[in-house]
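Participant: Below you'll find the structure I mean.
The values are calculated or read from the model by the stated rules, or taken from the named source; none is laboratory data. Nothing here was measured: the structure is a model prediction, and the numbers come from that model. As a convention, Cβ positions derive from the backbone with ideal geometry for all residues, glycine included, and neighbour counts pool all protein chains shown.
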Amino acid sequence: MNAQHSLDIMTEMVSAAQANHRRDSFFYLLWGWIVAFAGIAEFTMRSWNPSIPAELVWLVAIPAGSIGSIIGGIRQERNQPYVRTSLDRSVTHLLMGFVGLLTLAIAVGITVNWNAAYAVFIAAYSCLTVSMGGILRFRPLVVGGICAFPLSIVALLITFPVTSLVLSAAIVISYVIPGHVLRRRELR
Amino acid sequence: MSLLVSVDEAEFTFLVQTTKAAKGNVSIQLSSLQNAGYIVVWKANRNGKQRTLCRITDKGLQAMADYTEALRSYLPL
């Protein structure tokens, strides 16, 4: 192996690490659409009949997304040899931080109010997409995250059930649209 | 070694595919590197499949740094 071959492999590794994450559109679209539909369903149920426990929508949506992610993850790993780069490590730690913020959002919902919880949730989602976009050098994620962030402030200024619609809009901007752009690039 | 420097850990199949070398050839290289203490090799079960994984050690990283430094001094770069 000469110096040129080593350099070629290094270059290939960087591209492979980036391509690895650019195959993640499945997860963006899965979670994006699930959360968007759950928000719309919650809004519809609360508007139609406020006595219905609309929050139960999340008890269906979150396990459905988790099961879909596990199945998708296993399928993706089966189709390609395993390699873990520093980029993967960064993304894992970022997601751990995001899960921590989600826990905080639920705690805020229980102790303060759910409007504030949704605001924390939108802000956490926005920060996650901006950071992921930066790490993966994928501009649509950065733009989506930046555009969705002001909606976290909007969520504080309005009341239920409109907050659920704002959440859906934020997810469409920060996850669904960049996810479709990513998907289109993968299929090229 | 160049490959393992750029990743945290990698599967044997990945090394074979990326280097485009024969499995036996890569296997011999890995054994030599493991005996020298430059890499660690272990088997792990991932998604029901037994996979051979490898990772570079601190000693391996230092040896690679020394090697590239030596190359730099030989080559007019």
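Participant: Select, from A:Gly133, A:Gly100, A:Gly72, A:Gly145, the only residue that is free of Cβ contacts under 8 Å to residues at least 60 places away in the same chain and touching a Cys at 6+ places or on another chain (Cβ under 9 Å).
Facilitator: Just a single option satisfies the conditions, and that option is A:Gly145.
Participant: So, one more: Quick check on this structure: which one of B:Ala44, B:Ala21 is more than 18 Å from A:Arg78 (Cβ to Cβ), more than 7 Å from chain A (Cβ to nearest Cβ) and not in a helix (DSSP H, G or I)?
Facilitator: B:Ala21
Participant: Exactly one of (1) more than 12 Å from chain A (Cβ to nearest Cβ); (2) not in a helix (DSSP H, G or I) is unmet by B:Ala10. Its number?
Facilitator: (1)
Participant: Here are A:Val83, A:Val112, A:Val154: which of them is surrounded by fewer than 18 Cβ atoms within 10 Å (Cβ to Cβ) and over 23 Å from A:Thr44 (Cα atoms)? Let's see the steps before the verdict.
Facilitator: On the way: A:Val83 fails: surrounded by fewer than 18 Cβ atoms within 10 Å (Cβ to Cβ); A:Val154 fails: over 23 Å from A:Thr44 (Cα atoms).
So the residue among A:Val83, A:Val112, A:Val154 that is surrounded by fewer than 18 Cβ atoms within 10 Å (Cβ to Cβ) and over 23 Å from A:Thr44 (Cα atoms) is A:Val112.
Participant: Just to be sure before I move on: is B:Ala63 in contact (Cβ under 8 Å) with a residue 24 or more places away in the chain, farther than 17 Å from B:Leu15 by Cβ and not β-branched (Val, Ile, Thr) in the structure I sent?
Facilitator: Judged against the criteria, B:Ala63 is a match.
Participant: Any idea which of (1) over 18 Å from A:Val35 (Cβ atoms); (2) in contact (Cβ under 8 Å) with a residue 40 or more places away in the chain is the one A:Asn115 doesn't satisfy?
Facilitator: It fails just one condition, (1).
Participant: Please determine whether any residue of the range B:51-64 is closer than 23 Å to A:Asp88 by Cα, within 12 Å of the chain's Cα centre (by Cα), facing another protein chain (nearest Cβ under 9 Å) and at pLDDT below 85.
Facilitator: no
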